[in-house]
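The values are calculated or read from the model by the stated rules, or taken from the named source; none is laboratory data. Quantities reported herein were computed from a predicted structural model and do not represent experimental measurements. Neighbour counts are summed over all protein chains in view; Cβ atoms, including those assigned to glycine, are modelled from backbone coordinates with ideal geometry. Accessible surface is based on the protein model in full, side chains and every heavy atom, while ligands, DNA and RNA are left aside. Shrake-Rupley method; radii C 1.70, N 1.55, O 1.52, S 1.80 Å.
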Amino acid sequence: MVTAADVLDASDRERPPVDTIPLTVRVRRFNPEVSEDSWWDEWTVRCDPLERLVEVLHQIKWHHDGTLSFRRSCAHGICGSDAMLINGRNQLACKVLAQDVSPRVTIEPIRGLSVLKDLIVDMEPFMDGYRSMLPYLINDSGEPEKERRQSPEDRHRYDDTTRCILCAACTTSCPVFWGDEGYVGPAAIVNAHRFIFDSRDEAGRERMKILSEKTGVFRCRTTFNCTDACPRGIEVTKAIQEVKRAILFERF
């Protein structure tokens with residue numbers, strides 16, 4: 001009887017060999033139990049050109065330095081947990097291929113949030129901004145007999161901003177957020193947009209009142225960093241401008 005292990009072993013034997021490439025990985029490290037200051041560590045590993053950078057970090061952690069710390073979960077660009085500053089740009093490590101950064105890559109924690117250890121930052125200030133936007137459907141008109149119906153056109157109105165995965169790449173690429181810890185940031189505004197323009201929701205004006213405060217949407221200086229950083233391709237700056245216009249004209 002052929003077992004699952006036999007099938008997997010046969011599959012491995014049939015797989016053609018892959019030419020690996022060298023990749024030097026330079027990481028900004030921080031451990032408050034070791035030093036008050038950050039430092040740089042560097043490793044050179046061999047990897048498949050199509051290997052994702054998060055797997056390269058796994059290789060380093062498992063075979064070179066078990067103290068290296070970073071967040072990761074799904075490894076498919078959905079959970080948003082592995083946002084890092086990769087060669088000076090906010091990206092998800094699971095969406096960057098080794099061949100795209102070879103022969104050398106520099107990795108740092110995302111900016112604007114306190115570093116807890118290595119590439120792990122304190123996400124609570126970011127989540128505080130998100131929670132302040134009331135990121136859930138509010139409708140006090142009573143429960144419908146079936147579903148709350150919505151036309152395709154109404155759904156399309158906010159479709160783009162439903163794709164946010166809360167990776168914080170947009171918010172931590174924003175110069176205003178770096179200098180003003182009170183600013184709610186692009187991701188919070190994106191998630192407010194998602195409900196402000198939802199025809200089933202009844203709390204749009206409440207959210208716009210929150211965003212009209214000095215720490216809200218008008219702190220944006222339209223640098224487009226957020227749109228460039230979004231790994232999901234959300235038009236973040238466009239969403240921010242739409243929320244600004246909605247507040248100015250109370251039209252949504």
Item to check | Test: PRO22 is at pLDDT 95 or above and over 23 Å from ILE165 (Cβ atoms) | outcome: yes
Checklist entry - Restricting attention to region 171-182, which residues are part of a loop (DSSP other than H, G, I, E, B) and touching a Phe, Trp or Tyr at 6+ places or on another chain (Cβ under 9 Å)? => result CYS174
Next on the checklist: So GLY112 ticks every box in (1) outside any strand (DSSP E or B); (2) surrounded by fewer than 13 Cβ atoms within 10 Å (Cβ to Cβ) but one. Which box is left unticked?
Outcome noted: (2)
Item to check | Criterion (open to solvent by 50 Å² or more (accessible area, probe 1.4 Å) and among the β-branched types (Val, Ile, Thr)) met by exactly one of THR223, THR227 | outcome: THR223
Checklist entry - Say we look at region 56-78 and pick out the residues that are touching a residue at least 24 places away in the same chain (Cβ under 8 Å) and open to solvent by 50 Å² or more (accessible area, probe 1.4 Å); which of these is nearest to the chain's Cα centre (by Cα)? => result ILE78
Next on the checklist: PHE195 - would you say it is assigned to a helix (DSSP H, G or I) and either more than 17 Å from the chain's Cα centre (by Cα) or more than 27 Å from GLY88 (Cα to Cα) (or both)?
Outcome noted: yes
Checklist entry - Which of the following residues is more than 19 Å from MET84 (Cα to Cα), among the small types (Gly, Ala, Ser) and either surrounded by 13 or more Cβ atoms within 10 Å (Cβ to Cβ) or at pLDDT below 95 (or both): GLY185, GLY204? => result GLY204
Item to check | Every pair of residues 6+ apart whose Cβ atoms lie under 9 Å, when the first sits in region 228-252 and is closer than 15 Å to CYS174 by Cβ and of a type in the set (Ser, Thr, Tyr) while the second is in a helix (DSSP H, G or I) and open to solvent by 50 Å² or more (accessible area, probe 1.4 Å) | outcome: THR237/ASN225
Next on the checklist: Any residue that is more than 15 Å from GLU235 (Cα to Cα), of a type in the set (Gly, Ala, Ser), in contact with a helix residue (DSSP H, G or I) (Cβ under 8 Å, 6 or more places away or on another chain) and outside any helix (DSSP H, G or I) - is there at least one of those in region 129-151?
Outcome noted: no
Checklist entry - Among THR237, THR162, which is the only one that is of a type in the set (Ser, Thr, Tyr), outside any loop (DSSP other than H, G, I, E, B), touching a helix residue (DSSP H, G or I) at 6+ places or on another chain (Cβ under 9 Å) and closer than 16 Å to ARG131 by Cα? => result THR162
Checklist entry - Could we say that ARG245 is open to solvent by 50 Å² or more (accessible area, probe 1.4 Å) and modelled with pLDDT of 95 or more here? => result yes
Item to check | Residues being open to solvent by 30 Å² or more (accessible area, probe 1.4 Å), in contact (Cβ under 8 Å) with a residue 24 or more places away in the chain and basic (Lys, Arg) - total across region 13-55 | outcome: 4
Item to check | Condition broken by ASP154, with the remaining ones in (1) more than 30 Å from GLU36 (Cβ to Cβ); (2) in a loop (DSSP other than H, G, I, E, B) satisfied | outcome: (2)
Checklist entry - Among the residues of region 225-233, is any under 19 Å from the mean Cα position of the chain (by Cα), over 19 Å from GLU124 (Cβ atoms), at pLDDT 95 or above and acidic (Asp, Glu)? => result yes
